[in-house]
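Okay, structure first, notes after.
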């Protein structure tokens, strides 16, 4: 009889390709000396159980940071004390970096200033973590260790805080945003009521976080599969306004994410924030300042916003060629997606189908104005402001022609436009 059943949790972990690489096994061999143990913890275990990609691997150990440094170096591995005061050493093995952190336990807690000591208890180390589905450990042979019973929550997609949720949040208010991001990435069904209630009670704590930390977490949230649901709940509970300084167009954003199957750009935080926050240009600038966006992010968002507004202007349906000419390839694609999302949310129609317009925005050549200042100077026109004005007039004529006028035709009309 052919058994076609899904692999069990234990089978998934034992078969995980990342666990059997020579690189990670070399780390285990180096660290596990004199009775010390090492286990993979957190995201790699969770993602493997849920069949998600594993981008990085963190390891917890009973060995002290100094022992990890000494033993790794003796084994020919590169050891870097990236966070050695907090128990973390980065060990590079076979070209891959592993963060190896000594087991810890809180002695006293004063907000984020907990006094931490290194320990030997896997249970106490687990109790310091945020969510039950992240407090899972796997040894070098693929055996699961679950000190807090997080496996059931993980497989069911339940995102629950470890211990008292209010206490966990007061330790680090960024966990409010992490709760929404983790649920948007791995959650199934309704959000945990106890956790959501704690997030609402502790929401003013977000005001004490740096813009950089909030911005980093918000970017990750907006890339998650269920981000639209998370954003709607954050907006309804007042959390979005505290984090970004404004309200969210959550219906428009849900419409944008409904287009995920058509375009990967719908998951990009820059485009998501244009749809969410771009009521007016000032809203967009406020969000960029609030979340500390880079110049490249700001340029993309401004361009997408302008393209979206162009497409949404009543009575005006610009051609794809004109969008490409004015906003470039990325701006045209972003503008089309953002404009269609708002149309879908408002149940209004535009000309053409999204698939057709999007395909043209991706494939049509970007029109390039064929005349340069040097061409006009060669004809006897003098450099200066008047030359710039003439170039603008020629480009306007070229655009009105549907980008069909050739260079020679444009230069021939220069005298009439000067």
Completion exercise
Among residues of the stretch 288-323 being without any contact (Cβ under 8 Å) to a residue 24 or more places away in the chain and not in a helix (DSSP H, G or I), the residue nearest to residue 268 (Cα to Cα) is 294
Handout entry: Those residues of the stretch 135-167 which are in a helix (DSSP H, G or I) and touching a helix residue (DSSP H, G or I) at 6+ places or on another chain (Cβ under 6 Å), in sequence order
Key = 150, 153, 154, 165, 166
Exercise for the section: Please indicate, with yes or no, whether at least one residue in the stretch 126-133 is in a helix (DSSP H, G or I) and surrounded by fewer than 21 Cβ atoms within 10 Å (Cβ to Cβ). Expected result: yes
Exercise for the section: Pick out, from the stretch 13-112, the helices (runs of 4 or more DSSP H) lying fully within it that include 2 or more residues that are more than 28 Å from residue 164 (Cα to Cα), over 29 Å from the mean Cα position of the chain (by Cα) and not assigned by TED's automatic domain parsing to the domain that holds residue 171. Expected result: 22-31, 65-74
Handout entry: Single residue of the stretch 1-12 satisfying the filter (in a helix (DSSP H, G or I) and without any contact (Cβ under 8 Å) to a residue 40 or more places away in the chain) that is surrounded by the fewest Cβ atoms within 10 Å (Cβ to Cβ)
Key = 11
Practice task
Within the stretch 45-78, count every residue that is modelled with pLDDT under 95 and under 13 Å from residue 28 (Cα atoms).
Solution key: 0
Practice task
For the stretch 348-365, state whether one or more residues are closer than 26 Å to residue 417 by Cβ and surrounded by fewer than 17 Cβ atoms within 10 Å (Cβ to Cβ).
Solution key: yes
Exercise for the section: Among the candidates 239, 226, single out the residue that is in the same structural domain as residue 200 (by TED's automatic domain parsing), buried (at least 20 other Cβ atoms within 10 Å of the Cβ) and in contact (Cβ under 8 Å) with a residue 40 or more places away in the chain. Expected result: 239
Exercise for the section: Would you check which residues across the stretch 264-283 are surrounded by fewer than 20 Cβ atoms within 10 Å (Cβ to Cβ) and either out of contact with any helix residue (DSSP H, G or I) (no Cβ under 8 Å at 6 or more places or on another chain) or in a loop (DSSP other than H, G, I, E, B) (or both) and list them? Expected result: 264, 279, 280, 282
Exercise for the section: Looking only at the stretch 242-251, count how many residues are crowded, with 20+ Cβ neighbours inside 10 Å and in a helix (DSSP H, G or I). Expected result: 3
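The values are calculated or read from the model by the stated rules, or taken from the named source; none is laboratory data. Quick caveat: nothing in here was measured; it's all calculated off a predicted structure. Note: ideal-geometry Cβ built from the backbone for every residue, glycine included; neighbour counts use all protein chains shown.
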